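Values quoted throughout were computed directly from the atomic coordinates according to the rules given, and no laboratory measurement underlies them. Just so we're clear, the structure is a prediction, and the values are computed from it rather than from any experiment. Positions of Cβ are generated from backbone atoms using ideal geometry, with glycine treated the same way; all protein chains shown enter the neighbour counts.
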Amino acid sequence: MQRGRTRTFVSGLDEALGGGIPNNKVVLIKGTTGTMKSSLAYYILYKNADIGRRSLYVTFDQDRESLEQQMSSLGLEGKDLSDKLQIFDLSKGKEKIEEIIEKLRKMGENEKGKGRNERSNETVISILQRRVESIKDKVGFDLIVIDSLDALQMVLNPESPRAAMFRFFEWMKNLGLTCFLVSETPLGTDSGRPEPHYEDFLADGIIELRMETVGNVDVQRRIRCIKMRGTKHSTDYYSFFCGKRNFEIAKAITQ
Ligand SMILES: Nc1ncnc2c1ncn2[C@@H]1O[C@H](COP(=O)(O)OP(=O)(O)OP(=O)(O)O)[C@@H](O)[C@H]1O
Ligand SMILES: [Mg+2]
């Protein structure tokens, strides 16, 4: 197991996190739509590639082209880093996965035991897990982003979400990688969906991104670390700034 910390390279954030994110932990990047969750996750991998660390970005929400376009508009050009930062595009694979589910459903119809959906869900999880493990074995990497956990849940559509989520986190924790899970909070609510968020309890760390209304018209970006196991960290909200190739935070000024 690799000790130490993974730097985010967001100026000011690593200091607030006691040097960065502890290695081999599972960290949620949470926020409503447009709060730059994907950008922050990609930025961390991109900046770590600069110091030679390899990573895998698994995208369900956006296809590779749209993701790369967004990142290059932030000055994060991926082409020189393709050997260090691999993108595993599952956004177009949904149809394929659904085909496999359908096949398995038909195969399992006469079998006793588990329900049809449960069987196919387990299979979809294992497809992703096998692919990640095989890329890890082939090229070797130690950082992974899954964007997003919500899309993954939708594809899996588990009948027992709590058990499925628990097993998925167990698998991630045993991978020996530092994992970032992008997690969507629905608009119009700070607490998100009404049912319990099992992922909040299962994750080792949570970084929250949000938009803050300041006065009548201004909306500013904010970031804070809600929890980070094994770390003495600040829980304050900071202002979050995204410049070309450089993200930074600053103490938010209260009125
Ligand atoms: N230079 C820039 N180029 C592109 N987008 C920028 C730039 N600077 C800030 N942004 C913001 O980035 C946002 C998109 O970021 P990103 O896709 O990372 O957000 P997200 O939280 O992952 O959103 P989603 O919920 O759609 O997945 C845009 O809506 C825009 O407000
Ligand atoms: Mg996104």
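Going by a ≥ b ≥ c, the root eigenvalues of the Cα gyration tensor, does region 7-64 fall in the rounded group (a/c under 1.5), the prolate group (a/b larger than b/c) or the oblate group?
It comes out oblate by the Cα gyration axes.
So, R0 is 45 Å and r is the distance between the beta-carbons of VAL214 and GLN129; what FRET efficiency does that work out to, to 0.05?
With R0 = 45 Å, the Cβ-Cβ based efficiency is 0.55.
Determine which residues of region 1-26 fall in the zone a paramagnetic label at CYS242 would reach in this model, i.e. backbone nitrogen under 16 Å from the point 7 Å along Cα→Cβ.
Correct set: 9-11.
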